[in-house]
Amino acid sequence: MQLSNYHSHCTFCDGRSLPEDFIKFAISNKFRAYGFSSHSPLPFETFWNMSKDNMSDYLMEIERLKKKYYDRIEIYVGLEIDYLNKTYNASIPYFLNLPLDYRIGSIHFLPVSDHLTEENMVCIDGSFKDYALSVKKHFGNDIRLLVKRYFNSTSEMIEAGGIDIVGHMDKIYMNGQKYADFSIDEDWYIKPFKACLELIAEKKLMVEINTKNLLKKEELYPHKKYLALLQQMNIPVMVNSDCHYPQLVNDGRTEAFSLLKEAGFRTTRELINGKWQDVAI
Ligand SMILES: [Zn+2]
Ligand SMILES: [Zn+2]
C-alpha cells in the first residue's frame, strides 16, 4: 500500500491546521510523499478558497517545508482548481503560470449566470439544505437536470485541460442520492458519467480515489461500484484523503486499497522524485 497523499488542505484555505502540522502527521504515519492542494483563488471570495494575495506565501511556505524535511518525506505543492466555466478554470494563464508540481481539477460550483459571483453559484459540495434549494430554484426540482449539468461541466473541465488529476469526479451523488428518483444505475446517470471517463482516458488524465467520506459515510468518490470500470478502462488512480485535519491524513487508505485490489487494480500512480510513475500495490 502506497503511503502518499496528494489532496489536502491547510490554513491557506479551509484546512484546520498549519501545513507543517500535516507534514508532521504524515511523517509519523510513515508517508513517503505528501502534497498540498489548497482550494484555488476564485473571482469572488468564499469561506473555503484561498485568496490570490496569499499565493506567493503559500508557494514559499511549501518550498520551505520541502527543504526542511527533504530527507524524511517528499513534499509537493499543488492546487485544487475549481472549474467554473470556459472563462475561469485551470487552463487560464494565471494557473498555467504558477510553479506547481501538479493540478487537481474539481467541481464544487455550477454557475447559473456568466456573472461569476457567489450568489450565482449552485454549490454541489455544501449542505443538503442549500443543494435542495438550488435544485428547486434553478433546475425545476429535477435532480436529473442537475446531474446532467454537473457531468457537462466535468467534460468541459477535462476538455479545457490544465489539470493532471480529476478530483472527486462523481461527488454529485453525495447530496443527489437523497432524492427518491436519484440512481447511479440508470442510463441518464451512467451515460454522462461514462462519457467523462472516456474523455479522461483519451486525455490521459488521472482520477483520484477520494476517501474523505469513506469511513464517515461509507462513500468513496468515484463510487466503489465503478472502480472496476475505471480499471478496465486503464485509468490511472491514486488514493487521496482530501484531509482538512492533520489526524485524517491517512483516513480510509487501507479500506480504499482493499477496494482497489478487489476491483482488479495492480498499481497506483505516484509522484516519485517529481515524476508520476505506476507503482505496484
Ligand atoms: Zn474538493
Ligand atoms: Zn479538497
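Okay, here's what the table says:
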read-out	value
Per residue solvent-accessible surface (Å²) - the chain, probe of 1.4 Å	44 Å²
Carbon + sulfur, % of accessible area of the chain - ligands and nucleic acids excluded, 1.4 Å	49 percent
Calculated FRET value between R16 and T267, using beta carbons and R₀ = 35 Å, to 0.05	0.60
Cleavage-rule hits (chymotrypsin sites (Phe, Trp or Tyr not before Pro)) in region 61-105: DSSP loop, at most 10 neighbouring Cβ within 10 angstrom	Y70
Accessible surface of W188 - all protein chains present, 1.4 Å probe, nearest 10 Å²	50 Å²
Amide H partners (placed H, <5 Å) of C243, local residues excluded	H9
Pairs beyond 29 Å (Cα-Cα), from K30/K67; K67/K225; K52/K136; K67/K275; K171/K204	K67/K225; K52/K136
Environment charge of A90, counting only residues whose C-beta is closer than 11 Å and scoring Lys/Arg +1, Asp/Glu -1	-2
Of all DSSP beta bridges in region 4-280, antiparallel share, percent nearest 5	30 percent
Whole-angstrom gap from region 163-192 to region 109-134, using each part's C-alpha centre	17 Å
For the chain: rounded, prolate or oblate by the Cα gyration tensor [a/c cutoff 1.5]	oblate
Charge dipole (the chain, unit charges on Cβ, about Cα centre) - positive-most of M157, S106, G35	G35
Region 130-261 shape via C-alpha gyration tensor axes, a/c threshold 1.5	oblate
Using a Förster distance of 25 Å, the FRET efficiency for S127-I281 (Cβ separation, nearest 0.05)	0.10
Spatial separation of Cα centroids for region 1-63 and region 200-268, in angstrom	20 Å
Modelled FRET efficiency - R0 22 Å, K191 with N141, Cβ distances, 0.05 increments	0.50
With DNA, RNA and ligands ignored, accessible area of H115 (1.4 Å probe; Å², nearest 10)	120 Å²
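The values are calculated or read from the model by the stated rules, or taken from the named source; none is laboratory data. Quick caveat, the model's predicted, so the values are computed rather than measured. For neighbour counting, all protein chains shown are included, and Cβ atoms are generated from backbone atoms with ideal geometry for every residue, glycine included. For the accessible areas, the whole protein counts, side chains as well, though only heavy atoms, and no ligand, DNA or RNA atoms are used. Shrake-Rupley method; radii C 1.70, N 1.55, O 1.52, S 1.80 Å.
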